[in-house]
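K.L.:
If you scroll down you'll find the structure; I have some questions about it.
The values are calculated or read from the model by the stated rules, or taken from the named source; none is laboratory data. Here the structure is a predicted model, which means the values were calculated and not measured. Cβ atoms come from the backbone with ideal geometry, glycine included; neighbour counts cover every protein chain shown.
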Amino acid sequence: MPARHDEAFLARAIAAGAGEAPADLVIRNVRLFSVVDGSTVETDIAVTGDRIVGTHGRYDGETVVDGGGLTAVPGFIDTHLHVESSLVTPFEFDRCVLPHGVTTAICDPHEIANVLGAEGIRYFLDSSLETVMDLRVNLSSCVPATAFETSGACLEIEDLLPYRDHPSVIGLAEFMNFPGVLARDPKVLAKLAAFQDGHIDGHAPLLLGQGLNGYLAAGIRTDHEATTAEEALEKLAKGMTILMREGSVSKDLEALAPILTPDVSAFVALCTDDRNPLDIAEEGHLDSMIRRLIAKGIRPLDVYRAASWSAANAFGLKDRGVIAPGKRADIVLLKDFEDCRVEQVVSGGVLVSDDAFSKRSIVQPVGLDSVHVDAVNPSSFAIPARNSEADVIGVVHGRIITEHLKRTLPVAGGKTLVDLDQDVLKVAVVERHRRTGNIGLGFVNGFGMKEGAIASSVGHDSHNICVVGADEEAMA
């Protein structure tokens, strides 16, 4: 819940900061790292309410925590993610990633919105008022994401405007329909026009040249889809903030690490877009990105700046990103600075602990009956033979961008078959929202499967049921 900063609070904060009254919380004996100039100073950090009120001095407080020489850095900001894609609720996500130093997460409830529409967005907004971390929301701009698939909902500007002034809302989420922007689609323009005085998040893979100029002319200023240094540098040159991404599926850190230099670190931020619980447990979250970037020789100042101050500025969060009086008390205490090993976290003035999580009011879940599909059988996945090479989706490990391949496949009984020797399997998308019975069929390369099948109802962006298999019986 957002804190109140009325006259009484300001009087308390000023008195505590001036050393005339005890603060609510004092963290003693820390090494305060500055993301402004890279300096480190031994000091206390005083906190009143959710605000830092004192640094570079000694303070008394109602609660005193001995920092024991730990290094204090600003809380980390994940600038783009979909909490749903972490496969947990906002409350479990809160409990899962806050101990890794992520005190602010900017989410787009795009996935749940494509299934449930405005009900899904409301669930996230209600949850954002109860989490210990500051969970910020960009309103989903592209529901449905494409006209080529059946989603569970359609959100136009009239559906988004009621939430525009919610305290957790930053602006409009990733505008992935960049063809619609360039074509000046009226519905697209209506959404863009309504958020011209706020943040509009970008999503424009491989868009460069004058097409990129046209896209940016709509007031879009961030992008997490750059997959090469060359693409990122052109977007930086045209005023975009690059959100360097390293998630469970999309992995761009290796390609983009060279751009994180002293000259541009104020215009680069970090995001996960997204990590699953297993990867978070084994590797971490943004802390994993930070340690890997530093291990690659990137200057720690630039890495920690990108993880906090640069991110805050890119999204208009002027109250955070640096440990200084007057700023939000988002503080990460590190036992190992260069390896980014988190010992303790303060989020909005609250010491992160099991007790803090237990005090949250949990919002009741939604969408528990959102899968509506009839039974299928092996014949549902038959693909008629054609007198030409088959089109095959080429999946590339670690990349979100696929390839368009052509393959000659075996034919029997008037049907085109899989070819395990060429690693060509069948892929199908089964509509699960409206019981249309629609099934999209194709071939895919890159899975390496020799038998059986796998399926998931988690499938960006419409979340129909996707199944990949070596034979139709297993797929059914």
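K.L.:
Which of the following residues is surrounded by 15 or more Cβ atoms within 10 Å (Cβ to Cβ) and either of a type in the set (A, V, I, L, M) or under 27 Å from residue 173 (Cβ atoms) (or both): 41, 35?
P.N.:
35
K.L.:
Condition (residue is part of a loop (DSSP other than H, G, I, E, B), among the β-branched types (Val, Ile, Thr) and surrounded by fewer than 19 Cβ atoms within 10 Å (Cβ to Cβ)) applied to region 150-171: is it met by at least one residue?
P.N.:
Scanning region 150-171 turns up at least one residue that is part of a loop (DSSP other than H, G, I, E, B), among the β-branched types (Val, Ile, Thr) and surrounded by fewer than 19 Cβ atoms within 10 Å (Cβ to Cβ).
K.L.:
In region 442-465, is there at least one residue being of a type outside the set (Gly, Ala, Ser), at positive phi and touching a residue at least 12 places away in the same chain (Cβ under 8 Å)?
P.N.:
Within region 442-465, the first condition is being of a type outside the set (Gly, Ala, Ser), and the residues that meet it are 443-445, 447, 449-451, 454, 458, 460-461, 463-465.
With at positive phi added as a condition, the list becomes 463.
Going one step further and asking which of them are touching a residue at least 12 places away in the same chain (Cβ under 8 Å), we end up with 463.
Yes, because at least one residue in region 442-465 is of a type outside the set (Gly, Ala, Ser), at positive phi and touching a residue at least 12 places away in the same chain (Cβ under 8 Å).
K.L.:
Which of the following residues is farther than 20 Å from residue 313 by Cα, of a type in the set (Lys, Arg) and buried (at least 23 other Cβ atoms within 10 Å of the Cβ): 292, 275? Don't jump to the end; show me each part of the working.
P.N.:
Details: 292 fails: buried (at least 23 other Cβ atoms within 10 Å of the Cβ).
That would be 275, the only listed residue that is farther than 20 Å from residue 313 by Cα, of a type in the set (Lys, Arg) and buried (at least 23 other Cβ atoms within 10 Å of the Cβ).
K.L.:
Continuing with the same structure: Test residue 283 against the stated conditions and say whether it is closer than 16 Å to residue 101 by Cα and out of contact with any Phe, Trp or Tyr (no Cβ under 9 Å at 6 or more places or on another chain).
P.N.:
Yes.
K.L.:
Still on this structure: Is it the case, given these coordinates, that residue 369 is farther than 30 Å from residue 153 by Cα, within 32 Å of the chain's Cα centre (by Cα) and outside the structural domain of residue 439 (by TED's automatic domain parsing)?
P.N.:
Considered against the rule, which asks whether it is farther than 30 Å from residue 153 by Cα, within 32 Å of the chain's Cα centre (by Cα) and outside the structural domain of residue 439 (by TED's automatic domain parsing), residue 369 comes out as no.
K.L.:
So, restricting to helices (runs of 4 or more DSSP H) that lie completely within region 250-340, which ones have at least 3 residues that are without any contact (Cβ under 8 Å) to a residue 60 or more places away in the chain, over 24 Å from residue 53 (Cα atoms) and among the acidic types (Asp, Glu)?
P.N.:
Here the list reads 277-283.
K.L.:
Turning to a different aspect of this structure: What strands (runs of 3 or more DSSP E) lie completely within region 382-476 and have 1 or more residues being of a type in the set (Val, Ile, Thr) and either within 26 Å of the chain's Cα centre (by Cα) or under 30 Å from residue 368 (Cβ atoms) (or both)?
P.N.:
390-394, 424-430, 439-445, 453-456, 465-469
K.L.:
What number goes with the only condition from (1) over 26 Å from residue 89 (Cβ atoms); (2) touching a residue at least 24 places away in the same chain (Cβ under 8 Å); (3) assigned to a loop (DSSP other than H, G, I, E, B) that residue 367 does not pass?
P.N.:
Just one mismatch for residue 367, condition (1).
K.L.:
So which of 323, 290 ends up being in contact with a Cys (Cβ under 9 Å, 6 or more places away or on another chain) and of a type in the set (Val, Ile, Thr)?
P.N.:
290
K.L.:
Is it true that some residue in region 401-422 is under 30 Å from residue 154 (Cβ atoms), in contact (Cβ under 8 Å) with a residue 12 or more places away in the chain and surrounded by 15 or more Cβ atoms within 10 Å (Cβ to Cβ)?
P.N.:
No, region 401-422 contains no residue that is under 30 Å from residue 154 (Cβ atoms), in contact (Cβ under 8 Å) with a residue 12 or more places away in the chain and surrounded by 15 or more Cβ atoms within 10 Å (Cβ to Cβ).
K.L.:
Quick check on region 424-438. Is at least one of its residues surrounded by 14 or more Cβ atoms within 10 Å (Cβ to Cβ), without any contact (Cβ under 8 Å) to a residue 40 or more places away in the chain and touching a Leu at 6+ places or on another chain (Cβ under 9 Å)?
P.N.:
yes
K.L.:
Sort out which residues of region 93-112 are within 24 Å of residue 139 (Cβ to Cβ), not hydrophobic (A, V, I, L, M, F, W, C) and not in a loop (DSSP other than H, G, I, E, B), and write them in order of number.
P.N.:
Once the filter is applied, which keeps residues that are within 24 Å of residue 139 (Cβ to Cβ), not hydrophobic (A, V, I, L, M, F, W, C) and not in a loop (DSSP other than H, G, I, E, B), region 93-112 yields 94, 103, 104, 110, 111.
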